[in-house]
Amino acid sequence: MSTSLRYRYVLIRLGLMISLFMLMNPCPLVLSQVHAAEAKIYDSPNGIQASPHYEVLVEVDGQWKSAFVYYDPAREDGSGARDEAGKSFSWTTFESNMPVRIRVRRLLGAFKSVTLRPQRYQLTANTIEEDVIEFIADPGQKISVEFSNEIKPSCYTGPPHGIPCLKNSMLVFVDKLKAKSAIADYPENEVFTVSSGVHEELQAVSGIQNRQAGKSTIGNCDGKKVVHFPPGVYDIGYWQVPNNIEHIHIEGGALVYGAIDVIPLGREPFYDPATIDHVYRDDWRGEELREEFSITGSGIISGAKLPWHLKKDFSYTSNDDWWAHVKLIQLAVKQVRVEDITIANSPHWVLSFINDADRRTRGSFDNFKMVGAWTYNNDGLPTATGEESYIRNAFIHADDDAFKIYNSGSKIENCVIWQSNNGAVFQFGWFPKTVNNVTVSNIDVIHFENWYGVGQSNRAVFNYANSGGNGTISNIEFNNINIEGPVLRLFGFNCFGNQIIKDITFNNLNVPGGMGVGNLGSPGANYFIGAISDFEFNNFTFGDVRVAASAQAQFEFGNGAGAGFIFQSEGPPSVNAGPNKTITLPQSSTSLVGSVVDHDGEIIDFNWSQIDGPKEAILLDKNKLILEISGLVEGTYVFRLSAKDNEDQMAFDEATVQVLPEPPPQSPVADAGKDQFIVLPQSSAELQGVAVDEGGVIERVEWNQISGPENTHWSSKSSSLVQVSGLLEGEYVFRFTVFDDDRMSSFDDVSVKVFPIGTIISKEVLWG
């Protein structure tokens, strides 16, 4: 039968098994570790709506397993919510220690094309059905699956400026499989395990009519150090975490609704607005921070049930009263560890310190994800202080500044950013400061949706917007920054007073889409105002140009800015061998599509060659960008595209072609139809069997009686649709057997119950 039919059959069967299991087991369902060496997949806790837009299957140990797809629609409250109206995020997370095959079904129907981002991954999507794609992902990758049907020219309320956006987004997070739990080394008597359910008291929010929010009742968890949320659903409200707790672990399969406020050392939970304002603004330098705190686990903490701009005294203001608003996670801690967690739908800032310029905070932020930033002031997080502090392997969706570069000495590495229509990706402003020795490397900005950013001082990929004061921002290095798609503003640096910005280096800044279309207004597209000097750009690609002068990047300077700007455009060609490919025998041929560009001269030669593989392949047209490859056998091939420019500088890029073995024949699938009930004098039944065979042909089918009164009569035993007559009172079992061209067979049974004359059959009760 066709692949399409087989795939649908598997989904139906898997869905039935899961539904039956949940009916028999009211506790939260978790698919345990499928294979210790391969993957761990978690299913949804009970009562959580799966995405209405997407389904995901993961191949584990040769079998397809269903990965639950979470769903987060746009908020209806909050500034900016109208701009996001009708949008949604769907996402799934699972763990693996090896490349894994993934299938994504678009439940809204067929699609025209699909893009997998970041493009740096070079993933290839193969269409399995009209609404299903398949691709192979590596552990650690954070992938946006973007069907063309979901792309809109502009999702926002203002006039379109040529920046497209997606309505229903699908994210796949492949975490690296952990050898043990992050809390495995704690003694059992130090771990408090929370029971799923409600752990909050609802109270009215002043300033919003008919709106309530939860105040946590979790308390100090029996004085223990560790709080563990196993798989399940939890309502904890706004929780000011007591000082005895030093580690919160939210396990995969757990969904926690609420907000976590790690209050300063020695403080008890407090709600008085005057006290809150004092702690978080006027005296934050004097407050003693916790020594250490960790938040770990592959689970989710969501602020979806907390109103936008909820204040800690349970009042509301539409203003951005930063000090008093509830953050989804706020940390008054010296040494922080945040790892693996997914943070969704924040009511204000997503992850912050007691104050984001507090230089006492150090720590590591690894492999966390932020999704569903639907409103303004949904900022990402600040940099911590010190060379040992870092932000790594994160996915950040922000509707305000994604990274606040406010502290010195830290690193940001290997992150994927989805910037919505407010704020900057890298924000150095809003107030004067001194920051130095920060390194940012390997960042993919897969979307930058600022649609009216040119008229706002905080809208740019790289931004500083202060109101005066003294300070020096210097020795900042950006390496391998790739910004996919067009932007309305790349740089917006505006210095007043004695604020200085200098010695900023960009190595391999790539903006292939260049500038978007729109009324740029004033200030212009990329502007620098004030004491801004000594920017160095090495291999800066803007659109189709390797930038050699500021005018090529549409830079504008004011009040003395721009001294010492250097553009190094000389270099070898840029070569791209195209995305990696995976094919399955008996297919033994494919093609690679490469590209070569020389930004400071011309390409004089390029060619393809085979670097590795189980045998020599046949390469057709080695001197063309489209390489036709045939004669492939099982194994992994590596092909190299090399290029040389007119200055004899050479470069190359490689692509792999993985050839998978021909799958073994699979048994056909037999379906004998639904069980039947008939009442005499009716003495015949119609049996309808269905036979399918993936990649093969059904050669014959056969019906037989397995049990029941004898002397039945058949219209045929070798057709899918048959009539069986001469039935007497009793229960019959008939077997439908199918045989394919690989000499394989399977069967399915159907029962027919025959009741005496006068029997009444209802939907709920059966009696005679």
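The table below lists the values:
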| item | result |
| --- | --- |
| Within region 465-476, tally of residues that are assigned to a strand (DSSP E or B) and more than 14 Å from N407 (Cα to Cα) | 2 |
| Hey, W374 out of contact with any Leu (no Cβ under 9 Å at 6 or more places or on another chain) and part of a loop (DSSP other than H, G, I, E, B) or not | yes |
| Residue count for region 305-329, restricted to those that are open to solvent by 40 Å² or more (accessible area, probe 1.4 Å) and touching a Phe, Trp or Tyr at 6+ places or on another chain (Cβ under 9 Å) | 6 |
| Residue selected from region 62-89 under the condition within 15 Å of R103 (Cα to Cα) and of a type outside the set (G, A, S), by the criterion least open to solvent (accessible area, probe 1.4 Å) | V69 |
| Residue among G471, G492 that alone is modelled with pLDDT of 85 or more, surrounded by 23 or more Cβ atoms within 10 Å (Cβ to Cβ) and farther than 24 Å from K142 by Cα | G492 |
| Search result, residues across region 509-520 that are open to solvent by 20 Å² or more (accessible area, probe 1.4 Å) and either of a type in the set (A, V, I, L, M, F, W, C) or modelled with pLDDT under 90 (or both) | P512, G513, M515, V517, G518, N519, L520 |
| Selected residue (criterion: farthest from the chain's Cα centre (by Cα)) from residues of region 143-178 that are open to solvent by 40 Å² or more (accessible area, probe 1.4 Å) and modelled with pLDDT under 65 | P159 |
| Residue list for region 666-698, restricted to those being part of a strand (DSSP E or B) and surrounded by 15 or more Cβ atoms within 10 Å (Cβ to Cβ) | V669, A670, D671, Q676, I678, V679, A685, L687, V690, A691, V692, I698 |
| Residue within region 363-374 that is crowded, with 24+ Cβ neighbours inside 10 Å, of a type in the set (D, E, K, R) and farther than 21 Å from P242 by Cβ present | no |
| Residue within region 631-645 that is more than 26 Å from Y121 (Cα to Cα), outside any strand (DSSP E or B) and out of contact with any strand residue (DSSP E or B) (no Cβ under 7 Å at 6 or more places or on another chain) present | no |
| Residue pairs meeting the criteria (Cβ under 6 Å; at least 6 apart or on separate chains; first touching a residue at least 60 places away in the same chain (Cβ under 8 Å) and within 24 Å of P573 (Cα to Cα), in region 629-641; second of a type in the set (G, A, S) and open to solvent by 20 Å² or more (accessible area, probe 1.4 Å)) | R640/S609 |
| Positions within region 592-601 being of a type in the set (S, T, N, Q) and within 11 Å of A655 (Cα to Cα), in sequence order | none |
| Selection status of F192, hydrophobic (A, V, I, L, M, F, W, C), open to solvent by less than 30 Å² (accessible area, probe 1.4 Å) and either in contact with an Asp or Glu (Cβ under 8 Å, 6 or more places away or on another chain) or at pLDDT 95 or above (or both) | no |
| Segments classed as strands (runs of 3 or more DSSP E), wholly inside region 706-766, with at least 2 members that are more than 22 Å from A670 (Cβ to Cβ) and touching a Leu at 6+ places or on another chain (Cβ under 8 Å) | 745-755 |
| Residue count, region 276-301 (criterion: among the basic types (K, R) and within 15 Å of V226 (Cβ to Cβ)) | 1 |
| All strands (runs of 3 or more DSSP E) inside region 498-596 with 1 or more residues being among the hydroxyl-bearing types (S, T, Y) and more than 26 Å from Q427 (Cβ to Cβ) | 574-576, 581-584, 590-593 |
| Selection count where residues are part of a strand (DSSP E or B) and within 18 Å of S302 (Cβ to Cβ), scope region 191-227 | 10 |
| Residue in region 549-563 that is of a type in the set (D, E), on the phi < 0 side of the Ramachandran plot and buried (at least 16 other Cβ atoms within 10 Å of the Cβ) present | yes |
| Counted residues, region 256-301 - those being open to solvent by 10 Å² or more (accessible area, probe 1.4 Å), closer than 25 Å to A74 by Cα and in a strand (DSSP E or B) | 1 |
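The values are calculated or read from the model by the stated rules, or taken from the named source; none is laboratory data. Here the structure is a predicted model, which means the values were calculated and not measured. Methodologically, a virtual Cβ is constructed for each residue, glycine included, from the backbone with ideal geometry; neighbour enumeration extends over all protein chains shown. Surface accessibility is based on the protein's heavy atoms, side chains included, excluding ligands, DNA and RNA. Shrake-Rupley method; radii C 1.70, N 1.55, O 1.52, S 1.80 Å.
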